[in-house]
1. Most fluctuating residue of HIS136, HIS54, HIS254 in a GNM of the chain with Cα springs under 10 Å: which is it?
2. Which value, in debye to the nearest 20, describes the size of the charge dipole of the range 258-340 about its Cα centre when Lys and Arg Cβ atoms bear +1, Asp and Glu Cβ atoms bear -1, and nothing else is charged?
3. I need the calculated FRET efficiency for the pair VAL38 and ASP260, taking r as the beta carbon distance and R₀ as 25 Å, to the nearest 0.05.
4. With the dipole of the range 90-202 worked out from charges on the C-beta (+1 for Lys and Arg, -1 for Asp and Glu) around the Cα centre, which of ILE105, VAL152, ALA167 lies farthest toward the positive end?
5. Filter the GluC sites (Glu not before Pro) in the range 1-41 to those in DSSP coil with at most 12 other Cβ atoms within 10 Å of their Cβ, and list the result.
6. What does the C-alpha gyration tensor say about the overall shape of the range 90-202? Classify as rounded when a/c is under 1.5, otherwise prolate if a/b is larger than b/c, or oblate.
7. Rounded to the nearest 20 debye, what is the charge dipole size of the range 90-202 about its Cα centre when +1 sits on each Lys and Arg Cβ and -1 on each Asp and Glu Cβ?
8. Taking the alpha-carbon distance from LYS318 and a cut-off under 28 Å, which lysines remain once sequence neighbours fewer than 8 residues away in the same chain are dropped?
Amino acid sequence: MSDTVLNCGYVPLVDCAPLVIAKELGFAAEEGLVLNLVRQPSWSALRDMLALGHLDMAQMLSPMPVAMSMGLGGLPAQIDTLMVLSVNGTIFGVSNDVAANLPDIPFGDPAALLRALTTRGTQPLRIGVPFHHSMHRLLLSYWTSTVPGLKVEEITVPPPRMADAVADGFVDAFWVGEPWGSVAVQQNVGRIMMTGADVWNFAPEKVLAARHDWVEHNEDAARRMMRAVYLAAAWLDVPKNRTLAVEILARSEHLSMSPDLIDPALSGQIVPRLNDAPKPIERFVQFHKYAASFPWRSQAAWIAHQLGADAAGLENAKACFRSDLYRQNLGAVGADMPGASEKVEGALMYETAVASTRGHMILAPDAFFDGRTFDFHPQKR
């Protein structure tokens, strides 16, 4: 098997970990890949580099392949999601000024937080999100839509600039992936109020994506990359590996920051504000367990629904999430597969055993904060 060079774009966030570990611990090399990780300054830059063919693959926000395939924003392109890189891992926080005028609210109570934010006056709440077609923005819209009286102004801020935007008063609140929420806390400019999982318990956050035509012409390279990333994700979910994972991610060629800012996400110990005791968050970010890397086509349909797609758009979105390739390419490395590729999103309130290729697997809760569910079948909605 000859070595194949793959250029893969990423944005410096904790949840780029499966790509970094695949490279640094040799999972990619064992598959005959020379994995070249190409750091990008923003999601829009990464999107354009992939669409124009300057990147072979990319870490992407889960709505990006769906939006690009729908022709929304920037350069339209048919993009495939080969697998999910991470589930959850985001936080919602407010500036210290906003926090000072809020009543005492339990951490992780989205309904109570919404009620409190609606009382702050008539001025729109300026909320920083990393990209318009992001899970952050979709969860924000879903959450705030339940209280029509809350006026929100969404402002796009690249993740590494989020703490500065809060400090400068450019935004009043922020929805961002770690470690950038913890950076705002450490700089004493913001307070974390809840996690993204408090709105949707099991939201696909980042995905491994490639152009559809590239995948068709590079089937073997795609297969090898998927296997390497799958094994790296499994390694990351082993608790004893956390210390080494933090050390690797902290290196200058990757996130280039203190391990103390990276550890909270991987340990699930989130510090809401400066000098607070950490709050343990179960399943804060998931890479492998609970079929985290499986590209559920119903998740793609939910994303498309939030983006305003019609019935045909939902079907096109589902085709972007390549559960077929996941099944085809990862069986040889022992991946357990759910019996179906689609499910009713939001229906699982507890850890649940479902049919799988090995008999059964455990899925994590995937409930929405308001108790609603999403059935991807148009005729049933």
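1. Most flexible of the set in this elastic network: HIS54.
2. Computed charge dipole of the range 258-340: roughly 120 debye.
3. Approximately 0.40, to the nearest 0.05.
4. It is VAL152.
5. none
6. Rounded shape, in that the Cα axes give a/c under 1.5.
7. The dipole of the range 90-202 has a size of about 180 debye.
8. Within the straight-line limit of under 28 Å, LYS318 reaches these lysines: LYS206, LYS289, LYS343, LYS380.
Bear in mind that the values in this text are calculations on the coordinates, not laboratory data. All figures in this text were calculated on a predicted structure; none of them were measured in a lab. Glycine gets a Cβ as well: all are built from the backbone with ideal geometry, and neighbour counts include every protein chain shown.
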